[in-house]
Amino acid sequence: TGDEGSYAAALAVGDFILRQQPENWNGLYGARILGWQVEGLMHLWNYVGDVQYPHRAALAIGYWEQLELSQGAQGFVKNFGWPTQPHAQSWMHAIVMAAVGKYYLQTLDPSVLPVMNRMANYFQNDVIATLPTGPEYSRTKGFVWERFDGSSNWDGSSHHKWATVEALSYGAIA
């Protein structure tokens with residue numbers, strides 16, 4: 001629209017995200033933090049056009065991949081700040097995978113495809129607990145595991161499917 005207030009607000013949001021240094025995210029407070037930052041940077045690039053946004057998103061995704069590889073290359077990053085047992089929360093990782101997919105679709109940067117593939121495998125093998133079955137009028141509910149520590153799952157959820165579906169959809173498109 002050319003609204004100067006909107007543009008100024010977008011620049012302020014961009015400054016805020018960049019001050020958070022998404023390329024140095026350490027896994028604490030959950031993966032959603034990094035996913036929202038990457039997605040925000042890509043929206044900012046669309047609106048503002050400043051190449052620093054996709055550059056910093058690429059650095060953040062690269063650091064995510066370093067953490068993921070250092071934890072066994074299983075497609076997730078454990079939150080070691082969790083008070084009891086470090087684990088990954090699938091809905092938060094879905095936010096990351098969707099953001100990485102959006103980054104890829106906007107940049108066509110093939111360097112993110114290996115980590116996206118590992119994340120898709122994580123969702124397919126460790127997150128999806130049950131698929132819906134039966135005819136449409138009486139279909140069973142699908143469930144996803146909310147938490148995964150690398151060897152076991154817990155807290156099945158039906159409402160976290162929305163994030164899983166979005167993540168796998170972006171992965172499939174990419």
Problem set entry | 15 Å Cα-Cα reach of K161 towards aspartates and glutamates, excluding residues that sit fewer than 8 places from it in its own chain | D126, E146
Exercise. How much net charge surrounds H55 when only other residues with a Cβ under 11 Å from its Cβ are counted (Lys, Arg +1; Asp, Glu -1)?
Worked result: -2
For this session: Over segment 47-149, with every protein chain in place, what whole percent of the accessible area is carbon and sulfur at 1.4 Å, could you tell me?
Result: 56 percent
Exercise. Going by average Cβ neighbours within 10 Å, how do the peptides 107-114, 161-168 rank, with the highest at the top?
Worked result: 161-168, 107-114
Exercise. Quick one: Karplus J couplings for segment 114-121, per residue in order, coefficients 6.51, -1.76, 1.60, θ = phi - 60°, nearest Hz, x for Gly and Pro?
Worked result: x, 5, 5, 5, 5, 5, 4, 4
Seminar exercise, completed: Gyration tensor on Cα atoms of segment 58-106, a ≥ b ≥ c root eigenvalues, a/c under 1.5 rounded, else prolate if a/b beats b/c, else oblate, says prolate
For this session: Could you calculate the contour length gain from F16 to D50, that is, 0.36 nm times the residue separation minus the distance between their Cα atoms, to one decimal place in nm?
Result: 10.7 nm
Exercise. Where a ≥ b ≥ c are the square roots of the eigenvalues of the C-alpha gyration tensor, would you call segment 96-170 rounded, which needs a/c under 1.5, or, failing that, prolate if a/b is larger than b/c, or oblate?
Worked result: oblate
Exercise. Between Q106 and S6, what length in nm is gained on full extension when 0.36 nm per residue of separation is reduced by their alpha carbon distance?
Worked result: 33.8 nm
Problem set entry | Candidate lysines for bridging to K78, where Cα separation is under 16 Å - those fewer than 8 sequence places away on the same chain excluded | none
Exercise. What shape does the chain take by its C-alpha gyration tensor, where a ≥ b ≥ c are the square roots of the eigenvalues and a/c under 1.5 counts as rounded, a/b above b/c as prolate, and the rest as oblate?
Worked result: prolate
For this session: Sort out for me the Cα centre separation of segment 101-174 from segment 13-29, rounded to whole Å.
Result: 24 Å
Exercise. Given the Cα-Cα distance of A172 and Y29 and 0.36 nm per residue of separation, how much length would full extension add, in nm?
Worked result: 48.7 nm
For this session: Over segment 23-174, give the accessible area per residue in Å² for a 1.4 Å probe, as an integer.
Result: 48 Å²
Seminar exercise, completed: In whole Hz, the Karplus estimates of ³J(HN,Hα) for segment 46-61 (6.51, -1.76, 1.60; θ = phi - 60°; x where Gly or Pro) are 4, 8, 8, x, 7, 5, 5, 5, x, 5, 5, 4, 4, 4, 5, 5
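The values are calculated or read from the model by the stated rules, or taken from the named source; none is laboratory data. Just so you know, these numbers come straight off a predicted model, no measurement behind them. Don't worry about glycine lacking a Cβ; one is built from the backbone with ideal geometry, like all the others, and counts go over all protein chains shown. Side chains are part of the model used for accessible areas, which takes the heavy atoms of the whole protein and leaves out ligands, DNA and RNA. Shrake-Rupley method; radii C 1.70, N 1.55, O 1.52, S 1.80 Å.
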